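S.K.: Quick one: the structure is below, questions incoming.
The values are calculated or read from the model by the stated rules, or taken from the named source; none is laboratory data. None of the values given here were measured: they were computed from a predicted structure. So basically every Cβ, Gly included, is an ideal-geometry build from the backbone, and we count neighbours across all protein chains shown.
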Amino acid sequence: MGMVRKLVALMTAGAVTLLTTGYAVAEQGRSEPWEMTFQDAFSPVAREQHLFNDMLTWIIGAISLLVLALLVYVIVRFNKRANPTPSKTTHNTLVEVIWTVVPIMILIVIMIPSLKLLYYTDRIETPDMTIKAIGYQWYWGYQYVDEDDLSFEALLVEEGDLKPGQLRLLTTDNAIVLPIDTNIRVLVTAEDVIHSWAMPSLGVKIDAVPGRLNETWIRIEKEGMYYGQCSELCGTGHGFMPIMLKAVSKDDYAKWLVKAKEEFASEGAPAIKFAQVTSPSIK
(Lines give C-alpha, C1' and ligand atoms only; values in the text may rest on other atoms or scores of the structure.)
Protein backbone atom coordinates (compact mmCIF):
# COMPACT_ATOMS: atom_id res chain seq x y z
CA MET A 1 0.00 0.00 0.00
CA GLY A 2 2.86 2.39 0.75
CA MET A 3 4.28 1.98 -2.76
CA VAL A 4 0.83 2.50 -4.30
CA ARG A 5 0.30 5.71 -2.34
CA LYS A 6 3.69 7.03 -3.42
CA LEU A 7 2.91 6.21 -7.05
CA VAL A 8 -0.45 7.97 -6.91
CA ALA A 9 1.08 11.00 -5.17
CA LEU A 10 3.85 11.22 -7.77
CA MET A 11 1.44 11.04 -10.70
CA THR A 12 -0.88 13.59 -9.09
CA ALA A 13 1.99 16.01 -8.51
CA GLY A 14 3.10 15.62 -12.13
CA ALA A 15 -0.41 16.31 -13.42
CA VAL A 16 -0.74 19.42 -11.24
CA THR A 17 2.63 20.68 -12.46
CA LEU A 18 1.64 20.27 -16.09
CA LEU A 19 -1.68 21.99 -15.54
CA THR A 20 -0.28 24.97 -13.66
CA THR A 21 2.86 25.81 -15.64
CA GLY A 22 3.43 27.42 -19.00
CA TYR A 23 0.27 29.53 -18.99
CA ALA A 24 1.83 32.97 -19.14
CA VAL A 25 0.29 35.13 -21.85
CA ALA A 26 2.52 35.03 -24.91
CA GLU A 27 3.51 38.10 -26.87
CA GLN A 28 1.24 38.64 -29.83
CA GLY A 29 1.97 36.55 -32.91
CA ARG A 30 5.03 34.72 -31.63
CA SER A 31 6.09 31.95 -29.27
CA GLU A 32 7.83 32.49 -25.96
CA PRO A 33 10.73 30.57 -24.37
CA TRP A 34 9.45 27.58 -22.39
CA GLU A 35 5.93 28.15 -23.62
CA MET A 36 3.92 24.92 -23.25
CA THR A 37 0.57 25.98 -24.65
CA PHE A 38 -0.60 27.33 -27.99
CA GLN A 39 0.17 30.84 -29.10
CA ASP A 40 -2.73 33.19 -28.43
CA ALA A 41 -5.47 33.01 -31.07
CA PHE A 42 -6.02 36.06 -33.29
CA SER A 43 -8.34 34.58 -35.92
CA PRO A 44 -11.67 32.69 -35.85
CA VAL A 45 -9.98 29.52 -37.11
CA ALA A 46 -7.31 29.59 -34.40
CA ARG A 47 -9.93 30.20 -31.74
CA GLU A 48 -12.00 27.21 -32.91
CA GLN A 49 -8.86 25.07 -32.92
CA HIS A 50 -8.15 26.05 -29.32
CA LEU A 51 -11.70 25.18 -28.27
CA PHE A 52 -11.42 21.79 -29.97
CA ASN A 53 -8.10 21.16 -28.22
CA ASP A 54 -9.65 22.09 -24.87
CA MET A 55 -12.47 19.61 -25.45
CA LEU A 56 -9.97 16.86 -26.31
CA THR A 57 -7.94 17.69 -23.21
CA TRP A 58 -10.96 17.14 -20.96
CA ILE A 59 -11.80 13.87 -22.71
CA ILE A 60 -8.22 12.59 -22.56
CA GLY A 61 -7.92 13.70 -18.93
CA ALA A 62 -11.10 11.86 -17.96
CA ILE A 63 -9.94 8.70 -19.74
CA SER A 64 -6.51 8.89 -18.10
CA LEU A 65 -8.04 9.31 -14.63
CA LEU A 66 -10.42 6.40 -15.23
CA VAL A 67 -7.59 4.13 -16.38
CA LEU A 68 -5.47 5.24 -13.41
CA ALA A 69 -8.30 4.52 -10.99
CA LEU A 70 -8.88 1.06 -12.51
CA LEU A 71 -5.16 0.32 -12.39
CA VAL A 72 -4.90 1.33 -8.73
CA TYR A 73 -8.02 -0.70 -7.90
CA VAL A 74 -6.60 -3.79 -9.60
CA ILE A 75 -3.25 -3.39 -7.84
CA VAL A 76 -4.91 -3.02 -4.43
CA ARG A 77 -7.79 -5.47 -4.81
CA PHE A 78 -6.18 -8.27 -6.74
CA ASN A 79 -2.60 -8.49 -5.53
CA LYS A 80 -1.42 -11.84 -4.19
CA ARG A 81 -1.79 -10.89 -0.54
CA ALA A 82 -5.34 -9.48 -0.84
CA ASN A 83 -6.54 -12.14 -3.28
CA PRO A 84 -4.61 -15.38 -2.75
CA THR A 85 -7.10 -17.45 -4.78
CA PRO A 86 -7.65 -15.66 -8.11
CA SER A 87 -10.78 -16.18 -10.19
CA LYS A 88 -10.43 -18.21 -13.38
CA THR A 89 -13.16 -16.28 -15.24
CA THR A 90 -12.15 -15.69 -18.86
CA HIS A 91 -15.17 -13.90 -20.36
CA ASN A 92 -17.73 -11.36 -19.30
CA THR A 93 -20.23 -10.35 -21.97
CA LEU A 94 -21.28 -7.09 -20.30
CA VAL A 95 -17.72 -5.89 -19.79
CA GLU A 96 -16.76 -6.77 -23.36
CA VAL A 97 -19.75 -4.88 -24.75
CA ILE A 98 -18.96 -1.84 -22.58
CA TRP A 99 -15.29 -1.60 -23.55
CA THR A 100 -16.28 -1.88 -27.23
CA VAL A 101 -19.26 0.49 -27.30
CA VAL A 102 -17.90 3.23 -25.02
CA PRO A 103 -14.73 3.90 -27.10
CA ILE A 104 -16.88 4.01 -30.24
CA MET A 105 -19.15 6.59 -28.64
CA ILE A 106 -16.15 8.65 -27.54
CA LEU A 107 -14.76 8.59 -31.10
CA ILE A 108 -18.12 9.75 -32.47
CA VAL A 109 -18.17 12.62 -29.97
CA ILE A 110 -14.68 13.62 -31.18
CA MET A 111 -15.39 13.04 -34.87
CA ILE A 112 -18.34 15.43 -35.25
CA PRO A 113 -16.61 18.66 -34.13
CA SER A 114 -13.40 17.48 -35.80
CA LEU A 115 -15.06 17.28 -39.23
CA LYS A 116 -16.86 20.59 -38.67
CA LEU A 117 -13.53 22.27 -37.86
CA LEU A 118 -11.84 20.62 -40.85
CA TYR A 119 -14.41 22.03 -43.26
CA TYR A 120 -14.40 25.40 -41.48
CA THR A 121 -10.66 25.80 -42.06
CA ASP A 122 -10.79 24.58 -45.65
CA ARG A 123 -11.99 27.61 -47.59
CA ILE A 124 -14.25 30.64 -47.53
CA GLU A 125 -16.96 31.09 -50.13
CA THR A 126 -16.84 34.88 -50.44
CA PRO A 127 -13.31 36.21 -49.74
CA ASP A 128 -12.66 39.94 -49.64
CA MET A 129 -9.18 39.51 -51.10
CA THR A 130 -6.73 36.80 -52.19
CA ILE A 131 -3.00 36.37 -51.69
CA LYS A 132 -0.73 33.61 -52.96
CA ALA A 133 2.24 32.21 -51.04
CA ILE A 134 4.91 30.38 -53.05
CA GLY A 135 7.62 28.30 -51.43
CA TYR A 136 11.14 28.30 -52.87
CA GLN A 137 14.47 26.86 -51.72
CA TRP A 138 14.64 28.54 -49.22
CA TYR A 139 12.40 31.60 -48.96
CA TRP A 140 8.81 32.64 -49.60
CA GLY A 141 7.36 34.67 -52.44
CA TYR A 142 4.00 36.43 -52.32
CA GLN A 143 1.47 37.64 -54.86
CA TYR A 144 -1.48 39.93 -54.22
CA VAL A 145 -3.79 38.42 -56.79
CA ASP A 146 -6.38 41.22 -56.67
CA GLU A 147 -3.79 43.99 -57.01
CA ASP A 148 -2.47 43.46 -60.54
CA ASP A 149 -0.40 40.53 -59.22
CA LEU A 150 1.70 42.73 -56.94
CA SER A 151 4.52 40.39 -55.92
CA PHE A 152 7.71 40.28 -53.90
CA GLU A 153 10.04 37.86 -52.12
CA ALA A 154 10.64 37.69 -48.37
CA LEU A 155 14.14 36.56 -47.36
CA LEU A 156 15.49 35.91 -43.91
CA VAL A 157 17.38 38.80 -42.32
CA GLU A 158 20.63 37.33 -41.08
CA GLU A 159 21.65 37.75 -37.49
CA GLY A 160 24.37 40.29 -38.18
CA ASP A 161 21.90 42.55 -40.01
CA LEU A 162 19.13 42.54 -37.39
CA LYS A 163 17.98 45.86 -35.97
CA PRO A 164 17.03 46.30 -32.29
CA GLY A 165 13.76 44.57 -31.57
CA GLN A 166 13.87 42.29 -34.60
CA LEU A 167 13.64 38.57 -33.93
CA ARG A 168 16.38 36.12 -34.83
CA LEU A 169 15.34 33.53 -37.44
CA LEU A 170 11.88 35.09 -37.74
CA THR A 171 12.51 38.46 -39.39
CA THR A 172 12.32 38.89 -43.17
CA ASP A 173 13.38 41.80 -45.36
CA ASN A 174 9.80 42.20 -46.65
CA ALA A 175 6.71 41.53 -44.55
CA ILE A 176 3.31 40.48 -45.81
CA VAL A 177 0.96 43.37 -45.06
CA LEU A 178 -2.72 42.50 -44.63
CA PRO A 179 -5.78 44.34 -43.32
CA ILE A 180 -7.60 43.27 -40.17
CA ASP A 181 -11.28 42.28 -40.11
CA THR A 182 -11.04 41.02 -43.69
CA ASN A 183 -11.77 37.54 -45.08
CA ILE A 184 -8.54 36.68 -46.87
CA ARG A 185 -8.20 33.65 -49.13
CA VAL A 186 -4.68 32.19 -49.06
CA LEU A 187 -3.47 30.11 -52.00
CA VAL A 188 -0.33 28.10 -51.33
CA THR A 189 2.01 26.31 -53.73
CA ALA A 190 5.73 25.65 -54.29
CA GLU A 191 8.23 25.80 -57.13
CA ASP A 192 10.67 23.05 -56.17
CA VAL A 193 10.02 20.80 -53.15
CA ILE A 194 7.23 20.48 -50.59
CA HIS A 195 7.11 23.31 -48.06
CA SER A 196 4.49 24.18 -45.42
CA TRP A 197 3.12 27.68 -44.75
CA ALA A 198 2.40 27.86 -41.03
CA MET A 199 1.12 30.77 -38.90
CA PRO A 200 0.25 29.30 -35.47
CA SER A 201 -1.47 32.36 -33.99
CA LEU A 202 -3.74 32.54 -37.05
CA GLY A 203 -4.54 28.82 -37.08
CA VAL A 204 -2.88 28.09 -40.43
CA LYS A 205 -0.63 25.21 -41.41
CA ILE A 206 -0.96 24.13 -45.03
CA ASP A 207 1.40 22.28 -47.36
CA ALA A 208 2.92 24.02 -50.36
CA VAL A 209 3.18 21.33 -53.03
CA PRO A 210 4.78 21.83 -56.47
CA GLY A 211 2.17 21.65 -59.21
CA ARG A 212 -0.73 21.92 -56.77
CA LEU A 213 -2.66 24.89 -55.41
CA ASN A 214 -3.87 24.43 -51.83
CA GLU A 215 -6.31 26.85 -50.25
CA THR A 216 -7.18 28.14 -46.80
CA TRP A 217 -8.30 31.44 -45.28
CA ILE A 218 -7.58 33.83 -42.46
CA ARG A 219 -9.33 36.74 -40.77
CA ILE A 220 -6.97 38.69 -38.53
CA GLU A 221 -8.68 40.26 -35.55
CA LYS A 222 -5.98 42.53 -34.16
CA GLU A 223 -3.27 44.77 -35.55
CA GLY A 224 0.30 43.71 -34.93
CA MET A 225 3.17 41.57 -36.17
CA TYR A 226 2.69 37.82 -36.59
CA TYR A 227 5.37 35.22 -37.22
CA GLY A 228 5.49 31.74 -38.72
CA GLN A 229 7.90 29.36 -40.41
CA CYS A 230 8.07 26.61 -42.97
CA SER A 231 6.90 23.48 -41.15
CA GLU A 232 8.02 20.89 -43.69
CA LEU A 233 11.51 19.39 -43.78
CA CYS A 234 12.33 20.85 -47.19
CA GLY A 235 16.13 20.72 -47.22
CA THR A 236 19.23 22.31 -45.68
CA GLY A 237 17.63 25.76 -45.54
CA HIS A 238 14.43 24.55 -43.92
CA GLY A 239 15.01 26.45 -40.68
CA PHE A 240 15.78 29.68 -42.52
CA MET A 241 12.54 30.53 -44.33
CA PRO A 242 10.37 32.38 -41.81
CA ILE A 243 7.07 34.16 -42.39
CA MET A 244 6.53 37.70 -41.12
CA LEU A 245 3.06 39.20 -41.42
CA LYS A 246 2.05 42.72 -40.45
CA ALA A 247 -1.65 43.26 -39.78
CA VAL A 248 -2.83 46.86 -40.14
CA SER A 249 -6.08 48.79 -40.34
CA LYS A 250 -7.89 48.93 -43.68
CA ASP A 251 -6.92 52.59 -44.15
CA ASP A 252 -3.25 51.87 -43.49
CA TYR A 253 -3.42 48.89 -45.83
CA ALA A 254 -4.75 51.08 -48.65
CA LYS A 255 -1.87 53.51 -48.09
CA TRP A 256 0.66 50.66 -48.05
CA LEU A 257 -0.70 49.30 -51.33
CA VAL A 258 0.03 52.59 -53.09
CA LYS A 259 3.62 52.63 -51.84
CA ALA A 260 4.15 48.89 -52.44
CA LYS A 261 3.06 49.07 -56.07
CA GLU A 262 5.57 51.83 -56.68
CA GLU A 263 8.36 50.19 -54.69
CA PHE A 264 8.17 46.68 -56.08
CA ALA A 265 7.37 47.83 -59.61
CA SER A 266 10.49 50.01 -59.62
CA GLU A 267 12.67 47.32 -58.10
CA GLY A 268 11.52 44.61 -60.47
CA ALA A 269 12.27 40.97 -59.74
CA PRO A 270 14.93 40.76 -57.03
CA ALA A 271 18.19 39.17 -58.07
CA ILE A 272 18.63 36.44 -55.48
CA LYS A 273 21.96 34.70 -55.29
CA PHE A 274 21.72 30.93 -55.06
CA ALA A 275 24.38 30.78 -52.36
CA GLN A 276 22.46 33.26 -50.27
CA VAL A 277 19.41 31.06 -49.86
CA THR A 278 21.10 27.67 -49.82
CA SER A 279 23.91 28.38 -47.37
CA PRO A 280 22.68 30.67 -44.59
CA SER A 281 25.47 32.08 -42.50
CA ILE A 282 23.34 32.18 -39.34
CA LYS A 283 24.47 29.76 -36.68
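S.K.: Mind checking which pairs have a first residue in region 61-85 that is not in a helix (DSSP H, G or I) and a second that is not aromatic (Phe, Trp, Tyr), Cβ under 8 Å, 6 or more apart or different chains?
M.R.: Qualifying pairs under 8 Å: Phe78/Pro86; Ala82/Val76; Asn83/Arg77.
S.K.: Could you list, in sequence order, the residues of region 109-147 that are of a type in the set (A, V, I, L, M, F, W, C), closer than 16 Å to Ile206 by Cβ and in contact (Cβ under 8 Å) with a residue 40 or more places away in the chain?
M.R.: If the condition is that a residue be of a type in the set (A, V, I, L, M, F, W, C), closer than 16 Å to Ile206 by Cβ and in contact (Cβ under 8 Å) with a residue 40 or more places away in the chain, then Leu117, Ile124, Ile131, Ala133, Ile134, Trp140 are the ones that fit.
S.K.: Please go through region 126-162 and pick out each residue that is under 15 Å from Val188 (Cα atoms) and of a type in the set (Ser, Thr, Tyr).
M.R.: Thr130, Tyr136, Tyr139, Tyr142, Tyr144, Ser151, listed by residue number.
S.K.: So for region 164-172 (the condition being modelled with pLDDT under 95 and under 16 Å from the mean Cα position of the chain (by Cα)), does at least one residue qualify?
M.R.: Yes; the residues of region 164-172 include at least one that is modelled with pLDDT under 95 and under 16 Å from the mean Cα position of the chain (by Cα).
S.K.: Sticking with this structure for a sec: Name the residue that is nearest to Glu223 (Cα to Cα), counting only residues in region 249-266 that are among the basic types (Lys, Arg) and out of contact with any Asp or Glu (no Cβ under 8 Å at 6 or more places or on another chain).
M.R.: First, the residues of region 249-266 that are among the basic types (Lys, Arg): 250, 255, 259, 261.
Restricting the remaining residues to those that are out of contact with any Asp or Glu (no Cβ under 8 Å at 6 or more places or on another chain) gives 255, 259.
Numbers: Lys255: 15, Lys259: 19 Å.
Ranking the candidates gives Lys255 first.
S.K.: Answer yes or no: is there a residue in region 86-108 that is touching a helix residue (DSSP H, G or I) at 6+ places or on another chain (Cβ under 8 Å), in contact (Cβ under 8 Å) with a residue 60 or more places away in the chain, in a helix (DSSP H, G or I) and not assigned by TED's automatic domain parsing to the domain that holds Thr216.
M.R.: Within region 86-108, not a single residue is touching a helix residue (DSSP H, G or I) at 6+ places or on another chain (Cβ under 8 Å), in contact (Cβ under 8 Å) with a residue 60 or more places away in the chain, in a helix (DSSP H, G or I) and not assigned by TED's automatic domain parsing to the domain that holds Thr216.
S.K.: A follow-up question, please. Quick test of your reading of the structure: Gly211 fulfils all but one of (1) buried (at least 18 other Cβ atoms within 10 Å of the Cβ); (2) free of Cβ contacts under 8 Å to residues at least 40 places away in the same chain; (3) on the phi > 0 side of the Ramachandran plot; (4) of a type outside the set (A, V, I, L, M). Name the failing condition by number.
M.R.: Failed condition: (1).
S.K.: If you don't mind, there's one more thing I want to ask. Look at Lys246 and say whether it is outside any strand (DSSP E or B), of a type outside the set (Gly, Ala, Ser) and either at pLDDT 95 or above or touching an Asp or Glu at 6+ places or on another chain (Cβ under 8 Å) (or both).
M.R.: no
S.K.: If you go through region 53-107 one residue at a time, how many are surrounded by 11 or more Cβ atoms within 10 Å (Cβ to Cβ) and hydroxyl-bearing (Ser, Thr, Tyr)?
M.R.: Number of matching residues: 2.
S.K.: Wholly within region 115-221, which strands (runs of 3 or more DSSP E) include no fewer than the required count, namely at least 2 residues that are of a type in the set (Ser, Thr, Tyr)? Talk me through it step by step, then tell me what you get.
M.R.: Working: elements: 129-136, 139-144, 150-154, 176-179, 184-190, 195-199, 204-208, 214-218.
Result: 129-136, 139-144.
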